[in-house]
């Protein structure tokens, strides 16, 4: 393991590699610090390519040791071209990063796998989280695979498809009378009282690093080349920020060359504090979530200001997507690519379309769109597409009355 300490992203105070939720001095977020000199000599394309087909091929760049016997390993998900959708939105080349292929069908499996490894290193027997849905499933499945206990805290109004899927793995599900930010505050308080590994609280420094593997995989799958643009959803802002960090680390290690990709983010209009901050130039101001995209419904995003900074530093942008457009974009993605993404992906595609319309993305760009979760978990917004034609069990009548052709039925 190449991580040597945790350092505050705000004041640079160092902390040991323990279960620490925030800086003891300024309460800022903590990031693992790596021995980059040692990594520069050890991490090569050849070494990575010889690794397992999972996030653990990048273990040298993660803050935990790879498991000796990996269980339910996430990552190395498909990167597939989407030519019909590219023509529809007006870009030369569009790729979809399908994290729906992870064990519980979302990118959360990446971050939880890293956090769980740290929990095991620290001897913590229970994995816990606050969740808008996907994380609950990822934590519950990881705990089941590793033989740990699981406790998940969720808002009362989540999609039943997500809660049922999470419950199948055997966690204790605590339904909180409130929205996600109530769940988050509750788990922060509990993290000081219980010897549990709260993946997005006291293990957050390790958890967030798992998102970097998306950037690593995209570059490797493109033949160790960088795309021009990556489009991602924004909830807490950690995914967006860490993907940008991941590309920067690859260039630091000289595994890739060229200009770092612009990062374009999307939020649903009913919960868009980060998009608002980007537009106004002010700091992120918390809001009360009121959105169909519940997986992005974090009104007080912990990494919101860092997401804004990432967008600006990379020449990207952050867009608020109209609520009524979310389902339309989910359906557009499905009918042009055969990929059914959840509401977060409807927001992400909406951000892509807005960025093209605003000429922030050029027609000649190579673009990667992150499909972070499966539409089967959030089918409601595309229910308008279901319009069946009722017919009789009669082939001649079908040909004549429905298709309007004259057929001969033997």
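The values are calculated or read from the model by the stated rules, or taken from the named source; none is laboratory data. Just so you know, these numbers come straight off a predicted model, no measurement behind them. Please note: Cβ atoms are built from the backbone with ideal geometry, for glycine as well, and neighbour counts cover all protein chains shown.
Overview of results
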quantity	calculated
Single residue of segment 322-333 satisfying the filter (closer than 21 Å to residue 299 by Cβ and in contact (Cβ under 8 Å) with a residue 12 or more places away in the chain) that is surrounded by the most Cβ atoms within 10 Å (Cβ to Cβ)	326
Verdict on residue 187 being crowded, with 23+ Cβ neighbours inside 10 Å and under 17 Å from residue 378 (Cα atoms)	no
Only listed residue being outside any helix (DSSP H, G or I) and either within 34 Å of the chain's Cα centre (by Cα) or modelled with pLDDT of 95 or more (or both), chosen from 389, 367	367
Search result, residues across segment 334-357 that are more than 17 Å from the chain's Cα centre (by Cα) and either over 14 Å from residue 86 (Cα atoms) or surrounded by fewer than 24 Cβ atoms within 10 Å (Cβ to Cβ) (or both)	334, 335, 336, 337, 338, 353, 354, 356, 357
Scan of segment 304-321 for residues that are in contact with a strand residue (DSSP E or B) (Cβ under 8 Å, 6 or more places away or on another chain), surrounded by fewer than 22 Cβ atoms within 10 Å (Cβ to Cβ) and farther than 16 Å from residue 356 by Cβ, ordered by number	314
One residue from 189, 159 being at pLDDT 95 or above and under 24 Å from residue 287 (Cα atoms)	189
Residue in segment 206-215 that is modelled with pLDDT of 95 or more, under 17 Å from the mean Cα position of the chain (by Cα), buried (at least 24 other Cβ atoms within 10 Å of the Cβ) and not in a helix (DSSP H, G or I) present	no
Counted residues, segment 232-282 - those being outside any helix (DSSP H, G or I) and either touching a residue at least 40 places away in the same chain (Cβ under 8 Å) or under 14 Å from the mean Cα position of the chain (by Cα) (or both)	19
Any chance residue 10 is buried (at least 20 other Cβ atoms within 10 Å of the Cβ) and either under 22 Å from the mean Cα position of the chain (by Cα) or not in a strand (DSSP E or B) (or both)	no
Any chance residue 268 is buried (at least 24 other Cβ atoms within 10 Å of the Cβ), out of contact with any helix residue (DSSP H, G or I) (no Cβ under 8 Å at 6 or more places or on another chain) and more than 26 Å from residue 34 (Cα to Cα)	no
Criterion: assigned to a loop (DSSP other than H, G, I, E, B) and either modelled with pLDDT under 95 or under 17 Å from residue 235 (Cβ atoms) (or both) - qualifying residue of 308, 285	285
Test: residue in segment 291-301 that is in contact with a strand residue (DSSP E or B) (Cβ under 9 Å, 6 or more places away or on another chain), closer than 16 Å to residue 352 by Cβ, assigned to a helix (DSSP H, G or I) and touching a residue at least 24 places away in the same chain (Cβ under 8 Å)	yes
